[in-house]
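Structure first, commentary second.
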């Protein structure tokens, strides 16, 4: 019974196995990156960036149809362009980075929807916006897995400056003469992981598997490494549970996965061991010496 | 600690939006000297420290002898106190020049970090979260980090501004210790009593240097009145 509900779909169907592996790879890269997005208060910037990918993917689609590689490269170029432009504008003008990013991503998103809707069918638009995790190809799996590997290795390399830049940016500037380079490397990682996620979950929900588990982990874990490990675990479990929901109740897979992650997030807000609603309103007695 | 070169500034001007904050400053800090920088608000004291630390571009003039071997404590630390990091990890950031991106933090390093924490009176706080420290305890932790940086030139911008009397007395002892070890220490201060008591040299500035030398010769009523006057005159012009 339990086997039928939880295991059998993955044993019986190749597309379910592929989807599960894609979720695993996305969780490996997205967990730590989402953790840093939350710690750097960049959640909404991540959201903006995920929308900015759309026109690039759309142009890729125009050139070669539903091709994994052209759409990914297009999305990558568009995402990086918006991230760098926003970063540069905020450093040379008075506009703050969040405002300049919002400006660019709105232009980018409108352009993307325009391209897809004038040149393709609505089915194509849905495909780009919401992804197709149940029809992940071998190529897409290799791409997603490669991006996960690249992300983890790069994060390991820039871990120290990244942590210092979150915790005490002035110290990093004074001791190493700059934090901008680490910031941009991190932005590149965010964009690359969003491109990986959009293959499976679409541009609108790619961020979900990165952001929701990381935000949920904040209510349980108290160190950077444990936050990253927990958000990876939660992301994978959300993917697993979401796929089963989608299979057993015949629901669209992307929203099922993200809603599962959302459920974990809400439960963590309410029940987490750190600064959650529960600890706020039902505190344990404080220490008496 | 590496030997400390003399630190000299020559005709230094630093301007924000063309309004000079430090204006034609010339002079030098002897190796191993302990100098207080005092002056009214807006006199360019913090800007001078930032210029020495290499954090603001110079509009004119030169700074010599300020390369690399510097530890700088800003006035308002931009520290994110909600960041999940333990006290010993935060203090170990002071080892950056030794360990950089990849080198391991050895047992020897950990021992030094613990010793620094004990020296600032935070022994036993290693595993606490930084967010749980009080303002005074955080300032002590930042002093421990300065100790690990092991720099020949130490710049302190109002190090005692937000801490109580006992903490500032403890921290002042550390500063005097650094002075005895032959490090050059420059501190921006407002407490003239403390300057008279503990700092052999003083630079009194109001954008331009008003007086620079032995503290007793600098802190005269006449000089202090002039500093106020110069500052007010600039305020009217700008």
Discussion item. I'd like the full set of residues that are out of contact with any strand residue (DSSP E or B) (no Cβ under 6 Å at 6 or more places or on another chain) and more than 22 Å from residue B:172 (Cα to Cα), limited to the range B:7-39.
Written reply: B:15, B:16, B:17, B:18, B:19
Fill in: Residues of the range B:123-163 satisfying the condition of being free of Cβ contacts under 8 Å to residues at least 40 places away in the same chain, within 18 Å of the chain's Cα centre (by Cα) and more than 14 Å from chain A (Cβ to nearest Cβ)
B:135, B:136, B:137, B:140, B:160, B:162, B:163
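Residues to consider are A:63, A:123, A:59; find the one that is surrounded by fewer than 20 Cβ atoms within 10 Å (Cβ to Cβ) and either within 21 Å of residue A:45 (Cβ to Cβ) or modelled with pLDDT of 75 or more (or both).
A:63
Condition check ((1) within 11 Å of another protein chain (Cβ to nearest Cβ); (2) part of a loop (DSSP other than H, G, I, E, B); (3) modelled with pLDDT of 95 or more) across all residues:
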| position | (1), (2), (3) |
| --- | --- |
| B:97 | yes, no, no |
| B:101 | yes, yes, no |
| B:104 | no, yes, no |
| B:110 | no, no, no |
| B:121 | no, yes, no |
Response to the item:
Selection over the range A:211-233 where residues are away from every other protein chain (no Cβ under 11 Å) and not in a helix (DSSP H, G or I) yields a count of 2
Worksheet item: Scanning for something farther than 28 Å from residue A:216 by Cα, at pLDDT 80 or above and buried (at least 22 other Cβ atoms within 10 Å of the Cβ), does the range A:85-98 turn up at least one residue?
Response: no
Worksheet entry | Tally of residues being out of contact with any helix residue (DSSP H, G or I) (no Cβ under 8 Å at 6 or more places or on another chain), in a loop (DSSP other than H, G, I, E, B) and in contact (Cβ under 8 Å) with a residue 12 or more places away in the chain across the range B:1-32 | 8
Worksheet item: Do any residues in the range B:46-62 that are within 14 Å of another protein chain (Cβ to nearest Cβ) and surrounded by fewer than 16 Cβ atoms within 10 Å (Cβ to Cβ) have Cβ atoms under 7 Å from those of residues that are part of a loop (DSSP other than H, G, I, E, B) and modelled with pLDDT of 90 or more, where the two are at least six apart or on different chains, and which pairs are they?
Response: none
Practice prompt. State whether one or more residues within the range A:96-109 are under 18 Å from the mean Cα position of the chain (by Cα), closer than 23 Å to residue A:145 by Cα and part of a helix (DSSP H, G or I).
Written response: no
Practice prompt. Within the range B:197-215, track down each residue that is at pLDDT below 90 and part of a helix (DSSP H, G or I).
Written response: none
Discussion item. So residue B:146 ticks every box in (1) assigned to a helix (DSSP H, G or I); (2) out of contact with any strand residue (DSSP E or B) (no Cβ under 6 Å at 6 or more places or on another chain) but one. Which box is left unticked?
Written reply: (2)
Fill in: Hey, residue B:160 in a loop (DSSP other than H, G, I, E, B) and crowded, with 19+ Cβ neighbours inside 10 Å or not
yes
Worksheet item: Among B:211, B:187, which is surrounded by 14 or more Cβ atoms within 10 Å (Cβ to Cβ), touching a residue at least 12 places away in the same chain (Cβ under 8 Å) and more than 18 Å from the chain's Cα centre (by Cα)?
Response: B:211
Discussion item. Please go through the range B:173-192 and give me each residue that is part of a helix (DSSP H, G or I) and either modelled with pLDDT under 90 or within 28 Å of residue B:14 (Cβ to Cβ) (or both), ordered by number.
Written reply: B:175, B:178, B:179, B:192
Fill in: Unmet criterion (only one of (1) under 16 Å from the mean Cα position of the chain (by Cα); (2) farther than 30 Å from residue B:96 by Cβ) for residue A:141
(1)
Worksheet, complete the sentence: residue A:199: passes all of (1) part of a helix (DSSP H, G or I); (2) modelled with pLDDT under 90; (3) within 14 Å of chain B (Cβ to nearest Cβ) but (3)
Worksheet item: Which one of the conditions (1) buried (at least 20 other Cβ atoms within 10 Å of the Cβ); (2) at pLDDT below 85; (3) out of contact with any helix residue (DSSP H, G or I) (no Cβ under 6 Å at 6 or more places or on another chain) does residue A:133 fail to meet, given that it meets all the rest?
Response: (3)
Worksheet item: Quick one: is residue A:5 part of a helix (DSSP H, G or I), in contact (Cβ under 8 Å) with a residue 24 or more places away in the chain and buried (at least 24 other Cβ atoms within 10 Å of the Cβ)?
Response: no
Worksheet item: Quick check: anything in the range A:72-82 modelled with pLDDT of 75 or more, closer than 18 Å to residue A:40 by Cα, surrounded by fewer than 18 Cβ atoms within 10 Å (Cβ to Cβ) and under 21 Å from the mean Cα position of the chain (by Cα)?
Response: no
Fill in: Evaluation of residue A:242 against (1) within 26 Å of residue B:127 (Cβ to Cβ); (2) assigned to a helix (DSSP H, G or I) (one fails), failing number
(1)
Worksheet item: So which helices (runs of 4 or more DSSP H) stay within the range A:136-186 end to end and still have 1 or more residues that are more than 9 Å from chain B (Cβ to nearest Cβ) and surrounded by fewer than 17 Cβ atoms within 10 Å (Cβ to Cβ)?
Response: A:138-157
Worksheet item: Do any residues in the range B:78-95 that are within 19 Å of residue A:228 (Cβ to Cβ) have Cβ atoms under 7 Å from those of residues that are in a loop (DSSP other than H, G, I, E, B), where the two are at least six apart or on different chains, and which pairs are they?
Response: B:84/A:222; B:84/A:223; B:86/B:126; B:86/B:127; B:86/B:128
Worksheet item: Of everything in the range B:63-95 that's part of a helix (DSSP H, G or I) and in contact with a strand residue (DSSP E or B) (Cβ under 9 Å, 6 or more places away or on another chain), which residue is nearest to the other protein chains (Cβ to nearest Cβ)?
Response: B:94
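The values are calculated or read from the model by the stated rules, or taken from the named source; none is laboratory data. Treat the numbers as computed from the prediction; the structure is a model and nothing was measured. Counting neighbours? That spans all protein chains shown, and the Cβs are built from the backbone with ideal geometry, glycine included.
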